[in-house]
Amino acid sequence: MILDLHVHTSRYSSCSRLDPDRLMIRAREEGLDGVCLTEHQVIWPQAEARDLSHRHGLAVFRGIEVTTTAGDVLVFGVDQAPPGVPTPEELKTQVDQARGIAILAHPFRGFLVFGFSELKLSVEDAAGMPVMKYVHGLESANGRVTDPENDLARQVAAHLGLVAPGGSDAHSEDEVGLWRTVLDEPAADETDLVRLLRSGRFRVVRRGDGI
């Protein structure tokens, strides 16, 4: 099952230019089996997500991108957005109670811009960042960061034994499906999705690469 795990739409994310229906049309053109709606601080109402799925014949999973005190975290498997700006520890407590999954989004975005590569940040140093203790995985491929930043995320995830899914972080049509997470089996619902992600039963591919 081929999914884009990280998508923002204009309905609930003011930073996005991507209309939900255009998202679904583009997802089908890209050969995706479904998408995960991960708006900033908002979880789509279940009825709206179900309607979008039925109208376009593609799976729609609900997630959320939560701003924490130590960066953005993609969360799947919860029904309510956390209040305010939680710490990563507070968020993980909520996610664990719901038996969901917390994935650090674009964990090293901007590191090259701000010269971290020149400082030769090691995998061990990156893995020692406090936030790493409070996530189940790292986003290892994000369409809005550089390849070296994605590579570092993959290396840190492997070093820590964390799962490493990927997604486009799409805010416009042309970005949909830049990175895909290919599940080992179809996910019937968000519980299934969380189970497959937490068990590492997936692989990540870039648009144009063989599935």
*Tell me which residues, restricted to the stretch 7-58, are touching a helix residue (DSSP H, G or I) at 6+ places or on another chain (Cβ under 9 Å), of a type in the set (Gly, Ala, Ser) and farther than 23 Å from Gly77 by Cβ.*
Ser10, Gly57
*asked:* If I filter the stretch 154-211 down to residues being part of a helix (DSSP H, G or I) and basic (Lys, Arg), which single residue comes out as farthest from Leu37 (Cα to Cα)?
replied: Arg154
*Phe61 is checked against (1) of a type outside the set (Ser, Thr, Tyr); (2) touching a Cys at 6+ places or on another chain (Cβ under 9 Å); (3) part of a loop (DSSP other than H, G, I, E, B) and fails just one. What number does that condition carry?*
(3)
*asked:* If a residue must be β-branched (Val, Ile, Thr), in contact (Cβ under 8 Å) with a residue 24 or more places away in the chain and closer than 19 Å to Met129 by Cα, how many such residues does the stretch 69-86 contain?
replied: 1
_Looking at the stretch 150-166, I want the residues that are farther than 14 Å from Gly128 by Cβ and have a partner that is among the basic types (Lys, Arg) and in a helix (DSSP H, G or I) with Cβ atoms under 7 Å, at least 6 apart or on another chain. Which pairs are those?_
Val163/Arg198; Ala164/Arg154
*Quick check, is Gly84 over 22 Å from Val182 (Cβ atoms), outside any helix (DSSP H, G or I) and more than 18 Å from the chain's Cα centre (by Cα)?*
yes
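Rule-based calculations on the coordinates, nothing more; no lab input. No experiment lies behind these values; they were computed from the predicted model shown. With ideal geometry, Cβ positions are generated from the backbone for all residues, glycine too; neighbour counts draw on all protein chains shown.
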